[in-house]
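In what follows, a single structure is set out as C-alpha cells and then discussed.
The values are calculated or read from the model by the stated rules, or taken from the named source; none is laboratory data. Quantities reported herein were computed from a predicted structural model and do not represent experimental measurements. Methodologically, a virtual Cβ is constructed for each residue, glycine included, from the backbone with ideal geometry; neighbour enumeration extends over all protein chains shown.
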Amino acid sequence: MSTTRRFYITTAIAYVNGDPHLGHALEFVQADVLARHRRLRGDDVRFLSGTDDNALKNVDAALAAGLPVAAFVAEKAQRFVDLAAPLQLSNDDFICTSTDPRHRPGVERLWAACAAAGDLYQHDYEGLYCSGCEAFVLAGDLHDGLCPEHNEEPELIAERNWFFRLSRYQNALLDLIESGRLRIEPEHRRNEVLAFIRSGLSDFSVSRTQGRAQGWGIPVPGDPTQVIYVWFDALANYITALGFGHHGASYDDWWRESDERQHVIGKGIVRFHAIYWPAILLSAAQPLPTTISVHDYLTVEGQKLSKSLGTAIEPVEVIDRYGADAVRWWFLRDVPRTGDSDFRSELIAVRANELADGLGNLINRTIALISRHRVEATHTPEEKVAEAASLLALCAELPSAIDEALAVFDLRRAASALWEVVTEANRFVSATQPWELAKAVRTDDDGAAARLDVVLGVLLDACSCIAYELRPFLPFAAERIDAALADLDTQRGRALFPKVEAAA
C-alpha cells in the first residue's frame, strides 16, 4: 500500500502596486524549501504562488503612474513571475488573479456558496479604511492616528456594502485552533489569533462600491454596483488555482483529499488567513487549510521592507551582486523563526563566504584527497576510526533533525543542523590528517592504507549526505556538489562557491 502523501503549499499572493522586494523573496524561498523538502522525502507536492491583482491600491498606483490599470497590473505581475529563475524557485503554478481564467469563476462560486448559507447581507457602514491594509481598522489599533502596519492615516469611509457573518463562526474557529486541527506556527501567533477571536468577532465588509473601485475587480454576483472585496477575492486564489470554479479534479486531489494544505504568510496578514479565510470556507462547506506558517519581516534600520514606506530592496540586484546561493543561505541561516531581521549587505557577504570557506573547501579537499590518495587496502582495520563517531552520528541524525525543524517552520534550525555536519566534517579532516596517512602508505604501512581508506570513505559519505540534504535549501549548489563527487578527476580544483566582498 502506498504511503505517498499529498502536500499543497502556497505563498500569499503579492499586491502588484509596485515591484517585488526582498521581503517577497524571503517568503518565496521559505515556501520553496518546504516544497523541495517534501519532494525529497517522496511526497507528491503542489506549490502555488501568484499576484493579487484586484486590490484597490493597485488602481491607485496605476493612476499615479498615468497608466491603464490592466497594463500597469500586468507589467508588475510579470516582475513577480520573473523572480522564479533568479531565486531558484520550484513552484508548480502561478496565478495572476485579474487575468487567469480559473480565478473569477471560482470566486463567484465561493460567493454563491456563502450566500446560500445565509452568511452575506447588505449593511450601511462607516469606518476608518487603511488602503495599505485594504481593510477597515479600529481607532484603538492606530498609533498616533496612523496604521501601525503602513504608517498611514486611514480614510473615513461611509458606504453600503455586502457583509459576511464572521460572528457566526467564532466558536467553530476557537475549536479548530485550540484542537490543533487548524495549526498556526509559531505558537505565539496562534495565541494572538486565539486572543483576537476570544475578544469577539464582528462581521466584516466583503464588497466595495464600483465607484471607489473605479470599475476594477470582480463584480458582486447579482449586484453590479459593487465589486468583491479584495480579501475575499484574493484568499480564494488558493482554491481557484485548483479549478474550484470549474469543479476540476485538481481541487479534489490537492484540496479536498490532500494530506496537508499549508499557507506561508507574513505576520501582517495573519487575521485574514487564520480567521476570515477559515470562516469563509466553513460557510461554503469546504475543507480548511491544515497549517498556517507565519514569518516576521525583513527590515532596513528597523523599518519594514515596504514599497509604500520607500524601504524596498530589489531582490535581483542583491542576487546579481552576491549570487542566489548566498541570498537563499542568508534567509535560511540568519532569519529567525520569530522576530524581524535587519538587512545589511555585509551579512549576505558573510554567508556567501561561509559557503566558500566551509562547504566549498570541504568538498574540494575531499575530492583532492581521494583523487591523490586512492588506495587498495588488503583488509579493513579491526578498530573503527574513533574520530569518525561524531560525524557518522550527525549524518545519521541529519534527516530527522531537518524534518523536525521544518515541521514547526524553523528553517534556521534546519539549516543549522545541516551546517553542523559541515563543521564536524571539517573537524574530522583536521583530526585524522589524511595527508599524513598518505605519507605512511608510501612506506608500505598496510594499517595506514586501511585507515586512509576508511577516512576517505567516511568523508565521501559525509559529503554525499550533505549534498543530498542540501537540495531543498540550495538546489543548484547541491547539483554542483553531486556533479563534483560523481566525477572527481574532472571537477578537482573547481571552486564551488565564490568568495565575495560586501558592497560599499
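Looking at ALA477, ALA449, ALA483, just one residue is in contact (Cβ under 8 Å) with a residue 40 or more places away in the chain, of a type in the set (A, V, I, L, M, F, W, C) and under 27 Å from ILE348 (Cα atoms), and that residue is ALA477. Considered as a group, the residues in the stretch 241-273 that are basic (Lys, Arg) and under 17 Å from ARG5 (Cβ atoms) include one that is surrounded by the most Cβ atoms within 10 Å (Cβ to Cβ), and that residue is ARG261. A count restricted to the stretch 297-322 and to residues that are under 21 Å from PRO498 (Cα atoms) and surrounded by fewer than 21 Cβ atoms within 10 Å (Cβ to Cβ) stands at 4.
Go through (1) surrounded by 14 or more Cβ atoms within 10 Å (Cβ to Cβ); (2) under 31 Å from the mean Cα position of the chain (by Cα) and name the single condition ARG198 misses. Against the list (1) surrounded by 14 or more Cβ atoms within 10 Å (Cβ to Cβ); (2) under 31 Å from the mean Cα position of the chain (by Cα), ARG198 comes up short only on (1).
Within the stretch 160-169, restricting attention to residues that are buried (at least 17 other Cβ atoms within 10 Å of the Cβ) and not aliphatic (A, V, I, L, M), the residue that is nearest to ASN191 (Cα to Cα) is TYR169.
Taken over the stretch 194-210, the residue count meeting the criterion of being of a type outside the set (Ser, Thr, Tyr), in contact with a Ser or Thr (Cβ under 9 Å, 6 or more places away or on another chain) and under 12 Å from ASN161 (Cα atoms) is 2.
Within the stretch 78-92, residues that are on the phi > 0 side of the Ramachandran plot reach partners that are at pLDDT 95 or above and in a helix (DSSP H, G or I) with beta carbons closer than 6 Å, at six or more positions or on different chains, in the pairs GLN88/ALA324; GLN88/PRO475; GLN88/PHE476.
Of all residues in the stretch 72-112, those satisfying the criterion of being more than 20 Å from the chain's Cα centre (by Cα) and acidic (Asp, Glu) are GLU75, ASP100, GLU108.
The single residue among VAL300, VAL230 that is of a type outside the set (Asp, Glu), out of contact with any strand residue (DSSP E or B) (no Cβ under 6 Å at 6 or more places or on another chain) and not assigned by TED's automatic domain parsing to the domain that holds LEU34 turns out to be VAL300.
Residues in the stretch 46-59 that are crowded, with 24+ Cβ neighbours inside 10 Å and β-branched (Val, Ile, Thr): THR51 alone.
Scanning the stretch 59-108 for residues that are acidic (Asp, Glu) and under 18 Å from ASP19 (Cα atoms) yields ASP60, GLU75, ASP82.
Give me the residue from the stretch 327-348 that is assigned to a helix (DSSP H, G or I) and of a type outside the set (D, E, K, R) and, out of that set, farthest from LEU359 (Cα to Cα).
From the stretch 327-348, those assigned to a helix (DSSP H, G or I) are 327-334, 345-348; that's our starting set.
Cutting the leftovers down to of a type outside the set (D, E, K, R) gives us 327, 329-332, 345, 347-348.
Numbers: VAL327: 16, TRP329: 12, TRP330: 15, PHE331: 17, LEU332: 15, SER345: 21, LEU347: 17, ILE348: 16 Å.
Within the stretch 327-348, the match that is farthest from LEU359 (Cα to Cα) is SER345.
Annotation note: of VAL500, VAL454, the sole residue that is under 19 Å from ARG328 (Cβ atoms), more than 25 Å from the chain's Cα centre (by Cα) and crowded, with 16+ Cβ neighbours inside 10 Å is VAL500.
Going by the structure shown, is ASP233 of a type in the set (Asp, Glu) and crowded, with 19+ Cβ neighbours inside 10 Å?
Details: of a type in the set (Asp, Glu): yes; crowded, with 19+ Cβ neighbours inside 10 Å: yes.
Considered against the rule, which asks whether it is of a type in the set (Asp, Glu) and crowded, with 19+ Cβ neighbours inside 10 Å, ASP233 comes out as yes.
Before we move on, is GLU420 at pLDDT 95 or above, within 16 Å of ILE402 (Cβ to Cβ) and in the same structural domain as THR366 (by TED's automatic domain parsing)? The answer is yes for GLU420. For the stretch 1-45, what are the residues that are surrounded by fewer than 24 Cβ atoms within 10 Å (Cβ to Cβ), under 19 Å from ARG412 (Cβ atoms) and among the acidic types (Asp, Glu)? Scanning the stretch 1-45 gives a single hit, GLU27. Of everything in the stretch 485-497 that is surrounded by 13 or more Cβ atoms within 10 Å (Cβ to Cβ) and more than 29 Å from the chain's Cα centre (by Cα), the residue that is modelled with the highest pLDDT is LEU485. Taking the residues in the stretch 5-28 that are at pLDDT 95 or above and among the hydroxyl-bearing types (Ser, Thr, Tyr) as candidates, determine which candidate is farthest from PRO315 (Cα to Cα). Top of the filtered list is TYR8.
Look at the stretch 238-263: where a residue is closer than 12 Å to ILE9 by Cα and a partner is part of a helix (DSSP H, G or I) and aliphatic (A, V, I, L, M), sitting 6+ places away or on another chain with Cβ atoms under 8 Å, you get ILE239/LEU110; TRP255/ILE239; GLN262/LEU34.
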